[in-house]
Each structure stands twice: as structure tokens, then as C-alpha cells.
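Have a look at the structure below before the remarks.
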Amino acid sequence: MSKNLDCIFRPRSIAVIGASTKKGTIGREILHNLIESEFNGKVFPVNPKASVIHSIKCYSTILDVPDAVDLAMIIVPRDHVINIVEQCGEKGVKGVVVITAGFKEIGEEGAKKESELLEVVRKHNMRMIGPNCFGVLNTDPKISMNATFSKTKPLNGIVGFLSQSGALGEAILDYANEIGLGFSMFASVGNKADISGNSLLRYWQDDPDTEIILLYLENFGDPRNFTKIARKITRKKPIIAVKAGRTAAGAKAISSHTGALAGLDVGTEALFDQCGVLRVSSVDDLFDAAQALSNQPLPKGDRIAVITNAGGPGILATDAIVSLGLTMAQFEEKTLKHLRENLPVVAAINNPVDVIASGGPDAYRVAMDACLSDKNVDAVIVIFVPPIVVDHRAVVTAIAEVIEKHKNNKTVLGCFMSAPDVVSGSEEMTKRRIPVYTFPESAAKAMSAMVRYRKWIERPKGEYKSFLADTDRVESIIDAGINAGQEILVGEDALNILDAYGVRPAKSSQVKKQADIRKAISNLDFPMVMKIDDPLISHKTDVGGVVKDIRSQDEAIKVFNGMRKKFSLPKRPFSGVILQEMVGEGVETIIGMNQDPSFGPLMMFGLGGIYVEIMKDVAFKIHPLTDYDAEEMIKSIKGFALLTGFRELLLLISRCWRRRFCGFLSWFPISRSSSHLMLILLLSRTKARVRKLWMPDLS
């Protein structure tokens, strides 16, 4: 897999099929860019209507080219593409990049054409980028290939960029040049008919020239495979992604809490989080993070110092740092003393350090040296608003020299609040690999991405737990429900499934008629809860279908008769109730699972009861979960403090779980998939202690 895309990114010869003599056309620009980039290989224009293009001999068809061809760039009308690719197969071409549009992206007719195109590619054992794409490039001097129709000559660097949007290609390459960010490779994958994002991730995983991977995605072809690949890569190389379509209409939620709360984008968020991909919200943020990660060492912690010469930007930086979950560093006393003695009296010496508008190179030198020497500081954001009365170049030089003195052992990001050409000496920062941003928020976001990545690579990998279960019993319950025409399982059936997986809810008994109450009560302890046992009622409390704190047989009979009267309808007979021992302590929690059509089983944990209905304080992750994922999921909810405020967290969770299973899991969507029961993984991290408390036979 590490070499199978060399035909695309490291070809020895390229044919441009559809090369044109007319300037400004895609066929002309791609040929021109290959020549302009000084591609280290042979180039063959192909066009039956020309004998010479760009001073190079032109061939009528790919079959007329006398030499072997590794890669064919195809820029011909859509209806000719399949025949051209067939000819490429006959010629022995190994890779094709189909620039031409008009395939799957336009609808059913185009999708059929794309399917036929892919058949030809597979028949000849070729690899294909596209169709409907912007092209590819490799800036390695040994290859030097720009096979795009961009007007911008890309810089050489360490960033691999995958874009699903061809339209963004030109803007991406242009902006990267503006900020001095170089690419190792770039690929516009278009419709991803053959080579997908996963294919490129595998290719770049071991590529020595690619140290950072940027992704612009609009959809996932195989998200489960993406997770496996990305998990491996992000331990060695950061992946930063923009995923478009956060609010795409048409996302469907099933009738469970999990589906309703999942919303439109939670699967993507959970996927990226679990495989260490740094998700950002915009292309600007994508490049900001890439600048920081490609030029500066990772901060050893999240304690940030801010140095500024203006109060407003310092406040903006502080707000951004705190809101992003980072910490404003608390200086050591010796740092404060040094700043107090060496800065003007009116300067602010507590973080953020304000050297004031008149603060020149000496003031910045003092502040930078103090902060970089402080053991309580992990990283510095240095802000410079260029006043007229200060020598800009001297300030920039002072900042750069202090960083050099400390041998770059701490992360430093710059923020020069002006156009780059206004601050004299800005190039000094670039030369010393110190990223400079225009606004404090951008620098703070980039710093946050670096801290997030450090936490990911230090994060334990965790283990995937397995549990013994009576799967035959589960299958028989589900089969019986399906044969009975049920759509969901409720009451005893749902509780029996939980029991088969070693989950022990509070003791209960099903009651269909009043005469059964005495027998049911004999096996249970007071106080009790009575719940309507109706598969069509998901929210029992909302319709008065739950009565708590029943303390006698007479009271149970009275409540039963009241429910029978309330829930008996002419066309729908009374379904009975569940009597269950009442658990009176703890905080309600909820555990759920939704079968997402793209991502598979989507797990949910959060506070239950009114918290889940009103506050929606829940966390999501994608199956399978490691024990560390489960623990992280529980700790990530905003209301986690409610759980930790009790005598013993595990005892609390166990009680809540028993209680909540009686309500939330009193219905259970019918499915043959055992992944429903992966809910128990949410406490697998603490399995041993939980067993002692309330699951004596949990395997």
C-alpha cells in the first residue's frame, strides 16, 4: 500500500490527454504547469487536432506515444472519457487523473457513467484520481510535478493536503503561498471513485516528506476504515481537518434519545475525537494550525503567557485562551519581581504582560526572557501592535533573539496586528520559524490545536474489553419479537436481554391483571415503582405512566386499576405494567446507542431525566470503545461534577445505571446486531470495582 500510488505522485512520464494550444484552457494550463515546474520526467501532449503544443511534439492518441507512460491527465469532454481511459489501459498506463466533470456530482445519469468508468479502471488494474477534480502535485525536487491548472506555483514543504473540493484548489494554493506554507503533495480527489481519502492517508502515513496532513472533506466514503488508519497516523503525524456539512439538511434521527440528541454532525465529531484528528471550523483555522504545528515544538502543557503592548489585544488573547480550555500561566514570584524592576512603572506585570505602547525592544526583551525562563509557562503568545514611535525592526529582532537564546524549547506564536508589509522585520520571524498571526484569536486557536495534539499523543491507547454473554438467549428473544410483528422490545423482554449480557437492573415483575399483583409483590421489596408496559409509549413519565414510591399491596392495586382505566382504549387493549423495586438514591444517567448509517453504532452517555430532556448534557463516541474511551466519555459531560460530589463515584454510577435501565431501557429497538449491548462498555474501565458493588457475576 505504501507504493501503490507512486504512479500518481511519482511518475516518470506524463501524458496530457486534451492538451490545448489555446491559452487559458485547462488542457493548456496543466501542460504549462508541468513545464514551468520543471517536471523531472517526460511529458507527452495528446490532441488529434495539433502537431505541436507548447513547443513539444503532440500525439493524436495515447496509443501513438512511443514511450511508456506512468500517468495520464485527462481533460476531454465527458462522453469521451471512458474510451480514452480504455486506451490508457491498452497502453499500459498505471495511473489516471480525470479532471473532467459531469459524473456522479450531477445525478443519476452521471453516476452511471462514473460506474462504467470505474469498471474500465479496475479492468486494467489502474489507479484513478477523480473524476471532477483540480489535479495533483508533488513538490519534491526529485519529482517537481505540478499537474494542476493553478496559476500559483506552490512552495515546497512538509504538508500533505487532500481537498474534496476542486473549486477550493486555486484559493488553497494561493493562500498557502501568501503565508509561506509549503506542500509536500496536494491532491484534489473530486468524486473519489477510486482513490479516496483513506487511500491517500495510507500513502502519506510512511512518506518521509509529509509530516503534517490537512484534509478538506465533504463526506466520508468509509468512516470505519478511516478511524483505523487515522488512529495509527496521528500517533506520529498530526492530521487537521475541516469537515463541511455541519448543518446539512436531511439528517435523520431515530426515535431514541440517542438519535434525537445526536443531531447532524455528532458522528463526525466523535469520529475525529476518537482517532486524534484535530477538527477546525474553517479553512483559515486549518492553515493557522498547520503553520504552528509545522514550525514550533509542541507545548509541554497548557499554561500560556501573553505579552502585548496594548491592553485590548491582551484581553482578546486572554478571553480566547480561557474559552478554548487553556490556562493563563501564573508567574513565579521571581518572574514578577524581575518584570517589576525592569519594566516601566505603568506596565502590567501579571499575565497578560503589557509593556505599554512606548515599550520598545528592551521592554520586549525583558518580558520575553522572563516568560520563557518561568517554569510555570509552557508557551508564549507575543503580540505587537506597531506604533509610530517605536522601531518595528528592533522590536522584532529583539523577540527573535530571545527565542533563539532559549533554543526554541518553548512554543512561541507571534501576533502582529497589522498587514505583514507594515511591520518592518517580519521576515525575521518567518526565517526563525515563528508563525505570525494578524489577530490574537487566531494565535490562541493555533495554540489550542497544538495542546490538543500533545494530549492525544500522550493519551493511553486503552484496551478493547470483551464480555461473556448468553447470545442464544438474546437471539431467541429478538426472533420472538420479530415473529410477533413487534418493532421494539419493552418490559421483561428488554430487561431479559440486559440480564443475558450481565447487566443487573433492579428486580422487577410483569403484571397483566390485578390477580398477578400479590404474586409479583412476594418476590419484590417495597418501595416500588409501577410503569406502563406499552411499546408505543417511549416517554412514560410524560403521560402519567410512572408512579413511584408504592409502599403496600393495596396501594399497588389502586395504582394498577388507575393505569388500566387510563390506558385501556377501544381499539387497543391494556398492555399491563412493570412492577419494579425503587432505587431512591443517586443521580439519573442515560446510556444509549443509535445505528448511524455512516458511522455505525453511535454510543451516548449523559445525565438522565430532566437533564437529558432540557440540557441535553450528553457525550457521544463511536463503537468500538476502549476502556479509556468509556472513562473519557463519562468525564466529558458538563454535569460530571454532580457525579463526583458523592461519597463514591462508582457506587453512584452503579445505582444510577440500575435505576435508569428500568426506565430508558424499558423499551429496546429490535435488531439482530449485538452492538446494542455494547452499552456496557461505558463502565468497562471500572469493571473490577463495579463487580464488587453490584455485578457479582459480570464477566
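The values are calculated or read from the model by the stated rules, or taken from the named source; none is laboratory data. The model shown is predicted, which means the values in this text are computed figures rather than measured ones. All Cβ positions, even for glycine, are placed from backbone atoms using ideal geometry, and neighbour counts span all protein chains on display.
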- [ ] Among the numbered conditions (1) without any contact (Cβ under 8 Å) to a residue 24 or more places away in the chain; (2) in a helix (DSSP H, G or I), tell me where Leu271 comes up short.
- [x] (1)
TODO: With the condition kept exactly as written, say whether any residue in the stretch 391-400 is crowded, with 20+ Cβ neighbours inside 10 Å, assigned by TED's automatic domain parsing to the domain that holds Thr438 and at pLDDT 95 or above.
DONE: no
Task: Single residue of Ser568, Ser598 found to be under 37 Å from the mean Cα position of the chain (by Cα) and not assigned by TED's automatic domain parsing to the domain that holds Thr268 - done: Ser598
- [ ] Of all residues in the stretch 161-187, count the ones that are in contact (Cβ under 8 Å) with a residue 40 or more places away in the chain and touching a Lys or Arg at 6+ places or on another chain (Cβ under 9 Å).
- [x] 1
TODO: Out of Val76, Val97, report the one residue that is out of contact with any Pro (no Cβ under 8 Å at 6 or more places or on another chain), of a type in the set (Val, Ile, Thr) and part of a loop (DSSP other than H, G, I, E, B).
DONE: Val76
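Per-residue answers, yes or no, for (1) small (Gly, Ala, Ser); (2) touching a Ser or Thr at 6+ places or on another chain (Cβ under 9 Å); (3) closer than 19 Å to Ala446 by Cβ:
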position: Val306; (1), (2), (3): no, yes, yes
position: Val353; (1), (2), (3): no, yes, no
position: Asp378; (1), (2), (3): no, yes, yes
position: Pro386; (1), (2), (3): no, yes, no
position: Val390; (1), (2), (3): no, yes, no
position: Val395; (1), (2), (3): no, no, no
position: Glu401; (1), (2), (3): no, no, no
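Matching residues to (1) under 15 Å from Val96 (Cβ atoms); (2) surrounded by fewer than 19 Cβ atoms within 10 Å (Cβ to Cβ); (3) free of Cβ contacts under 8 Å to residues at least 40 places away in the same chain:
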position	(1), (2), (3)
Leu5	yes, no, no
Ser60	no, yes, yes
Leu63	yes, yes, yes
Val69	yes, no, no
TODO: Check the stretch 476-495 and report whether any residue there is of a type in the set (Asp, Glu) and buried (at least 19 other Cβ atoms within 10 Å of the Cβ).
DONE: yes
Task: Close pairs (6 angstrom Cβ cut-off, 6 or more residues apart or separate chains): without any contact (Cβ under 8 Å) to a residue 60 or more places away in the chain in the stretch 107-118, not polar (S, T, N, Q) anywhere - done: Gly110/Gly102; Gly110/Phe103; Gly110/Lys104; Ala111/Lys104; Lys113/Phe103; Glu116/Ile82
Open item on the list: Out of everything in the stretch 521-561 that is of a type in the set (D, E, K, R) and not in a helix (DSSP H, G or I), what residue ends up being farthest from the chain's Cα centre (by Cα)?
Closed with: Arg551
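Inside the stretch 159-263, counting only helices (runs of 4 or more DSSP H) that do not spill past its ends, which hold 1 or more residues that are out of contact with any strand residue (DSSP E or B) (no Cβ under 6 Å at 6 or more places or on another chain), within 20 Å of Pro131 (Cβ to Cβ) and at pLDDT below 95?
Those helices (runs of 4 or more DSSP H) span 169-178, 197-205.
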TODO: Collect the residues in the stretch 40-53 that are buried (at least 20 other Cβ atoms within 10 Å of the Cβ) and part of a loop (DSSP other than H, G, I, E, B), keeping them in residue-number order.
DONE: Asn47
- [ ] Please state which of the following conditions Gly360 fails to meet, knowing it meets all the rest: (1) buried (at least 20 other Cβ atoms within 10 Å of the Cβ); (2) within 21 Å of Ser424 (Cβ to Cβ); (3) not β-branched (Val, Ile, Thr).
- [x] (1)
TODO: Give the residue, chosen from Ile30, Ile35, Ile56, that is under 23 Å from Ser144 (Cβ atoms) and surrounded by 21 or more Cβ atoms within 10 Å (Cβ to Cβ).
DONE: Ile30
Task: helices (runs of 4 or more DSSP H) wholly inside the stretch 275-344 that include at least 2 residues being more than 24 Å from Lys407 (Cα to Cα) and of a type in the set (A, V, I, L, M, F, W, C) - done: 283-295, 311-323
Task: Considering residues of the stretch 561-576 that are surrounded by 13 or more Cβ atoms within 10 Å (Cβ to Cβ) and out of contact with any helix residue (DSSP H, G or I) (no Cβ under 6 Å at 6 or more places or on another chain) only, the residue modelled with the lowest pLDDT - done: Ser575
